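Engineer: Take this structure first; my questions come after.
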There are 2 protein chains.
Amino acid sequence: MKKTVVTFGLLILSLLVFFQLSKYSFVSGGLKIEIVIAAVAIVFFIIGIYLNKRSLHQERPPEGELDLHKLKALDLSNREYEVLKEVSLGLSNKEIGEKLFLSESTIKTHVSNILVKLNAKRRTQAIQIAKEMRII
Amino acid sequence: MKKTVVTFGLLILSLLVFFQLSKYSFVSGGLKIEIVIAAVAIVFFIIGIYLNKRSLHQERPPEGELDLHKLKALDLSNREYEVLKEVSLGLSNKEIGEKLFLSESTIKTHVSNILVKLNAKRRTQAIQIAKEMRII
DNA sequence: CGCATTTTGGTACTTTAGTATGAGGTAGTT
DNA sequence: AACTACCTCATACTAAAGTACCAAAATGCG
C-alpha cells in the first residue's frame, strides 16, 4: 500500500517536471515540443511496463516459488522432505532407497511419517496436497 | 511478428497525432500544452501495461492451460483421461470407482492402460509425466 | 555430558496397486 | 453384417505400499 502511494507520487512528480520542461521550451524555444512529448511517451511507456511486471509477479508467484511458511508449519524433517520430493517425482520406495543409499524400510518409515504430517491417506494424495501448498 | 509491426505502427501514429494536437493548441491557444502532455502520459502508460501483459502471457502459458496437442498424441480414451484426472487428485482405485459409479476392477483396467500409454511404471509417475506434459 | 530428536533399519502383517487374461455389451465404420 | 475401438467387469496372481511396533546409532543442543 505504501509502495503504491510512493509510486503514484513519483508519477505525478515526473508529469510536473515535464510540464515545466514544456513551459521552458515554450519560452526559450530551445526545445521542440515534439521532443518533450516523445520523451513523455517513452518514459510513461516504460513505467507502464515496469509497474505491470511487478504487479503481475505479486499476484501470481512465479511457479517454482516455495511457500516456506507452510513448509515450516508442517515440521517435516530434512529427510522426510527429501523423500517427499522423490515421491513426487514418481519413484517407488525401493528406487528412492537406492537413490539416497537407504534401505527400503527406512523409506517406508519416512513415507508413513510424511502421510501423517500431511494428513494424507496415500502417497498420491500427499503429492496433491504438497503441490497445492506449494511445498514442492 | 506481424502483430509487432502493426502495434508499433499504431504507436508511432498516435505519437504523430499528439504532435498535431500540440501544434494546433500552440496556434489556436485552445488547448493547454499540459493537457496534451498528460494525455500522452496516460495513453502510453496504458499501452505499456497492455503490451506487457500480452507478452507475458505469451512467454508463460497461464497455469491451467492444457497442451491439447500432446493430449491427442497420447490417444487416451475419454474414460482413461477422466480416470487419470482422479488419480492425480490422489484418490484410490476404490474411491474413483465410487465417484464414477464403476467397479474397482474397471478402474484398475483403465489405470493399467493409462500407465502403458503414458509409459509410466506407477500411478505416481503417471501423475508426474502428465503434469510435465501439461495434460492435467 | 545427558537428553531429545532424527535417522536408520528390521519383522510381521494388511491393504492397495498393478498384471494377465478373458469376456460380454455398445457404438461407429466400412 | 463384420470389424474395430471402447467400456465394463471378473478372477487370480504378483508386487508395491502402508501400518504397527521396536530398537540401535547419530545428531544437535543446553
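The values are calculated or read from the model by the stated rules, or taken from the named source; none is laboratory data. What you see is a predicted model; the values in this text were computed from it and never measured. Reconstructed Cβ throughout: ideal geometry from the backbone, glycine too, with neighbour counts over all protein chains shown. Accessible surface is based on the protein model in full, side chains and every heavy atom, while ligands, DNA and RNA are left aside. Shrake-Rupley method; radii C 1.70, N 1.55, O 1.52, S 1.80 Å.
Residue by residue, here is whether (1) at pLDDT below 95; (2) not aliphatic (A, V, I, L, M) holds:
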{"position": "A:41", "(1), (2)": "yes, no"}
{"position": "A:52", "(1), (2)": "yes, yes"}
{"position": "A:64", "(1), (2)": "yes, yes"}
{"position": "A:70", "(1), (2)": "yes, yes"}
{"position": "A:85", "(1), (2)": "no, yes"}
{"position": "A:90", "(1), (2)": "no, yes"}
{"position": "A:109", "(1), (2)": "no, yes"}
{"position": "A:123", "(1), (2)": "no, yes"}
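Engineer: Taking the stretch B:121-135 as the search range and keeping residues that are open to solvent by less than 30 Å² (accessible area, probe 1.4 Å) and within 7 Å of chain A (Cβ to nearest Cβ), which one is farthest from the chain's Cα centre (by Cα)?
Structural biologist: Going through the stretch B:121-135, the residues open to solvent by less than 30 Å² (accessible area, probe 1.4 Å) turn out to be B:124, B:126-127, B:130, B:135.
Then drop every residue that is not within 7 Å of chain A (Cβ to nearest Cβ), which leaves B:124, B:127.
Working: B:124: 26, B:127: 21 Å.
Among those that are open to solvent by less than 30 Å² (accessible area, probe 1.4 Å) and within 7 Å of chain A (Cβ to nearest Cβ), it is B:124.
Every residue, every condition in (1) near DNA strand D (Cβ under 9 Å from one of its atoms); (2) closer than 22 Å to residue A:84 by Cβ; (3) not hydroxyl-bearing (Ser, Thr, Tyr), yes or no:
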residue	(1), (2), (3)
B:80	yes, no, yes
B:97	yes, no, yes
B:114	no, no, yes
B:120	no, yes, yes
